[in-house]
Each structure stands twice: as structure tokens, then as C-alpha cells.
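Peer 1: Encoded as C-alpha cells, here's the structure I'll be asking about.
The values are calculated or read from the model by the stated rules, or taken from the named source; none is laboratory data. Not measured: the values here are computed from a predicted model. Glycine also receives a Cβ, built like all others from the backbone with ideal geometry; neighbour counts cover every protein chain displayed.
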Amino acid sequence: MEDKKLTHGLWEKTAPALQSFDLIRGENTTDVAIIGGGYTGLSAALHLAEEGTDVLLLEAKDIGFGGAGRNVGLVNAGLWLMPEEVIARVGKEMGEELIRVLGESPDLVFNLIEKHKIECEAVRAGTLHCADSPSGYSSLKQRESQWQERGAPVTLLDSEAAASLIGSKAFVGALLDKRAGTVQPLAYAYGLAKAAHNAGAKLYTNSPVISINRDNNVWILHTPYGMVKANAVILAVQGYADNAFKDMQQNLIPFNYFQFSTPPLPEEVSKTVLPERHAAWDNNLVLSSYRMDKAGRLLVGSVGQVDNFAYSLHKNWAERTVEKVFPQIGKVSFEHAWYGRIAMTTDHIPRFHILGPDFITVTSYNGRGIGPGSVFGKLMAQYIKKGPKTIIPLPLSNPEKVSMRNLRGLFYEAGARIYHTAQRRTDLF
Ligand SMILES: Cc1cc2nc3c(=O)[nH]c(=O)nc-3n(C[C@H](O)[C@H](O)[C@H](O)COP(=O)(O)OP(=O)(O)OC[C@H]3O[C@@H](n4cnc5c(N)ncnc54)[C@H](O)[C@@H]3O)c2cc1C
């Protein structure tokens, strides 16, 4: 394991270089200020700049520092919830619109990649949601029928068909979703940043917003070395909310997810693991994900953080899991390990808040942010320019503190550690 720097792991090694951006200094004015340089903020900046709007983005650290640079890279369609669960939570009309918009979100992502020639290992082969038990298979059946009613190209595969696409006999079946695909997630963020910059957006890094106030109908954003006066503000900080927006963390349940990546597998082995380069995850309560990168590395991920004591525990689990799910690999070793914080809500629905006049945020994508971040960034850009005529298909709410959030977070972390230690995976085989 050469890489002990638990930040962006493999992704920072394989993302193409991005030009460096300055930190902001002095007094600046803009029409729209965006806070946060992940998918949401970058998509908003790109779409505003393309419309000719004067837009300035402030990122506390580097482009893609938050979830955007740490995730698995699955470009999924829709939320984790099944369509009928979405409707039960937000109502029929809004629910169907939310399902439609997010069901089509991979189109937006892959179109942006094509339009701006973003080099991010994009593969649109589809994803496989794998059943680890007969009850998991029944639940996928429900998912299939709810999506098929809405015309989505999803198909439930039996164990044999699933095994040939996964390259493993470990699962009872899998739901193939042809709308979806994979990207190198940090490289996608870099590509959006480059496209936004080329379209005229001003981007600044190492420029945390430390306070914000309103004076004479103008928003004033303060950073350590500069300030920005803006007519409108889009907040796009998600689970990495910091400095002035730390309170936003109180609305989320902390939920960590780690990944380990192997060195490139020998070609004859690489051809047998997810041979058509689908990405896969299972429907276990403590889920695991599997994907390959362009160079033929296998990435395995699951719930938890890989700091300190937990590192060995999760690493041992990852080794045992890879050896059982993909026995053709033989003894496995890992090159990189990293993790990130997912912004979860109690009902698994993202949040839309109006924080003041012309000051909005959409946040908490519950672990699915590549499509939603790209979509909600675009919709917020339109909302700021055209007002509430633009439909953001989420209930408007006020930020609310989640009670016992830290306890809930500890519960997830402890549950994942117990599960990974006990290696209940044995009941799969
Ligand atoms: C480990 C992991 C795996 C995941 N897997 C997937 C997946 O496979 N597919 C998928 O679709 N989604 C996945 N997600 C979720 C996805 O990464 C997020 O939903 C997405 O990154 C959200 O984008 P964003 O731009 O809203 O926020 P982020 O990408 O988190 O960006 C927020 C940015 O705001 C900046 N910031 C914070 N405070 C300030 C401040 N005061 N001033 C200025 N800037 C500030 C942060 O530094 C950060 O760069 C995963 C997330 C994690 C952590």
C-alpha cells in the first residue's frame, strides 16, 4: 500500500492535470456567486456562464475536494429510493417530475462530457444492482416493474445472466440499468471546471467563505483575503459544508464510504471481472460496490471510514471479499485507500432551501450526486435567472437539525465495523 494519504486516493493519481486557480483577493463584484467547487457548483457556474451571466465560484480547498473527488463514479439514474417510495414522500406530481429529471440525469452527464470533450474514462455500459439473497432479488423485481412502468430500460437478470456480466457467481441475480455508466469522478469535476472557466466563469480555490451578510440588497461574501459582492448566491457545499456553513452539517446524518483499489490486474484476469465494464453494487444493508477503472484496476467499496484502527479492519474485509467474489483474481493487494462523507437525509430525499432573497441551495443527494449535482446545478442556474418559473422538483423546506445525528452516524459506522469483522458474506457462498 503505497498511498497513506487518505484523501482522493486513486482518483488524484489518474485524473489529468487541471490548471491552478488563484485564491481570491481584494474587493470583487459579480452577478451570481457560487460557493463550492463540486458537481453542483461547477454545473451551475458552467450553465450560467454559457448564458452570458457574470458568475464567480469560490471553493474552500481544491476543485473536487468534497464528495466529487472521492466517490465511486457510478452515474446512476434516479435516487436510491424506488419510484413509488419517492412518490409516497413528495406526492404524485412532484414525485413523477423528480423521477423523470433524475432518471434522465445520466443523459445530461454524458452529453456534457461529449460536448466539452471531458477526459474522464466515461463508459456508458450500464450498472448492475446485485441481489445478495432471494429477498434482495424480490426487491429488485419490484424496482424493475416500477421503472419499466415509466419506460426505463431496466431488466432483471437471473443468476446465470448476472454471473456472466459480473464475472462472479456470488449473486442471486441483478438489475441491469442501461441508462447508467461510470466516470473517473475527480476527472469529471476537473472537466466541468475547465468548461466553466472557458465559458467565462471566474473560479477561485483555497478561498473559503467564512461569513456572509446582506447590505443594501447585495450579498457580501467574506473570505480570508478577499470579499465578493453579489446579487445572487448559490450554495453548493453538501456534506463538506465548512466555515460559515458548518451549521448545514447539522441537517445531515454523517455517513462515510471507503474504497480500496488494486494495481492493474493482469489482462487475462481483467477480462473476466465485470468484462463489459458494468459497475456493480449489492443490496445488502451494508452495501458493497465493485467497478473497474480504465487501466484494469478493481475498486471495492463499502460503508465506513479507513482512518486509524478501522483501516485494517476494513482492509481485511476488502481482501476477503474480493477473494470470495472474484476468486479468479487470487491473492489480492491494494494500492490506494480513501473515503468520503456522504450527505444523507432521514427520508433519503434531497433538500431545497431558500436561505434569503436570491440565495438558494439544493443539497443532500444521499450518495447519488453525479447526475443530481449536474442537474440541480443547471436547474439552480435557471432558477436564479428566471425565478420560480423554473421547477425544482423538491419540496421547499427550511434547514432542520437532525436529532441525535452523531449517534445515528456512529450507529452506521459501528454497524459497518461489526459487519465487516463478522464477515457475514460467508452466507453468500
Ligand atoms: C465515498 C463516496 C462515494 C460516492 N459514490 C457516488 C457514486 O458512485 N455516484 C454518485 O452519483 N454519487 C456518489 N457519491 C455522492 C457524490 O459524490 C456527491 O453527492 C456529490 O459530490 C455532491 O456534489 P456537490 O457539488 O453538491 O458537493 P461536493 O462534491 O461535496 O462539493 C462541495 C464543495 O464545497 C466546498 N466548500 C465547503 N464549505 C465551503 C465554504 N465555506 N466556502 C467555499 N467552499 C466550500 C468543499 O470544499 C467541496 O469541494 C458518493 C460520495 C462519497 C463521499
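Peer 1: Among N206, N217, N243, N231, which is the only one that is in contact (Cβ under 8 Å) with a residue 40 or more places away in the chain, surrounded by fewer than 23 Cβ atoms within 10 Å (Cβ to Cβ) and near the ligand (Cβ under 9 Å from one of its atoms)?
Peer 2: Criteria check complete, one pass: N243.
Peer 1: Could we say that N71 is in a loop (DSSP other than H, G, I, E, B), at pLDDT 95 or above and either surrounded by fewer than 16 Cβ atoms within 10 Å (Cβ to Cβ) or within 13 Å of the ligand (Cβ to nearest atom) (or both) here?
Peer 2: In short, yes.
Conditions (1) out of contact with any Leu (no Cβ under 9 Å at 6 or more places or on another chain); (2) within 11 Å of the ligand (Cβ to nearest atom); (3) in a loop (DSSP other than H, G, I, E, B), marked per residue:
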| residue | (1), (2), (3) |
| --- | --- |
| S289 | no, yes, no |
| G296 | no, no, yes |
| E319 | yes, no, no |
| G340 | yes, yes, no |
| F352 | no, no, no |
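Peer 1: For region 15-66, give me each residue that is within 12 Å of Y240 (Cβ to Cβ) and part of a loop (DSSP other than H, G, I, E, B).
Peer 2: Of everything in region 15-66, those that are within 12 Å of Y240 (Cβ to Cβ) and part of a loop (DSSP other than H, G, I, E, B) turn out to be G36, G37, G38, E59, A60, K61, D62, G64, F65, G66.
Peer 1: Of everything in region 246-274 that's hydrophobic (A, V, I, L, M, F, W, C) and either free of Cβ contacts under 8 Å to residues at least 60 places away in the same chain or part of a strand (DSSP E or B) (or both), which residue is farthest from I360 (Cα to Cα)?
Peer 2: Result: F260.
Peer 1: Still on this model: One residue is enough: does region 53-64 have a residue meeting the conditions near the ligand (Cβ under 6 Å from one of its atoms), of a type in the set (D, E), in contact (Cβ under 8 Å) with a residue 40 or more places away in the chain and under 24 Å from Q249 (Cβ atoms)?
Peer 2: yes
Peer 1: Shifting gears a bit: I need the full set of residues from region 399-429 which are surrounded by fewer than 12 Cβ atoms within 10 Å (Cβ to Cβ), modelled with pLDDT under 75 and not hydrophobic (A, V, I, L, M, F, W, C), in order please.
Peer 2: Correct list: S403, N406, T426, D427.
Peer 1: Does any residue of region 84-95 turn out to be in a helix (DSSP H, G or I), farther than 20 Å from F258 by Cα and within 12 Å of the ligand (Cβ to nearest atom)?
Peer 2: The answer is no; no qualifying residue exists.
Peer 1: Follow-up. Considering region 354-379 alone, what residues qualify as being of a type outside the set (A, V, I, L, M, F, W, C) and outside any loop (DSSP other than H, G, I, E, B)?
Peer 2: Within region 354-379, G356, T361, T363, G371, P372, G373, S374, G377, K378 meet the criteria.
Peer 1: Moving on to the next point. Against the condition outside any strand (DSSP E or B), more than 11 Å from the ligand (Cβ to nearest atom), touching a residue at least 12 places away in the same chain (Cβ under 8 Å) and more than 30 Å from A280 (Cα to Cα), how does G200 come out, does it pass?
Peer 2: Yes, satisfied.
Peer 1: Let me ask something additional. Just to be sure I understand the filter: pairs with C-beta atoms under 6 Å, separated by 6 or more residues or on different chains, first member in region 365-385 and at pLDDT below 95, second member within 7 Å of the ligand (Cβ to nearest atom) and not in a loop (DSSP other than H, G, I, E, B). Which pairs pass?
Peer 2: Qualifying pairs under 6 Å: G367/I342.
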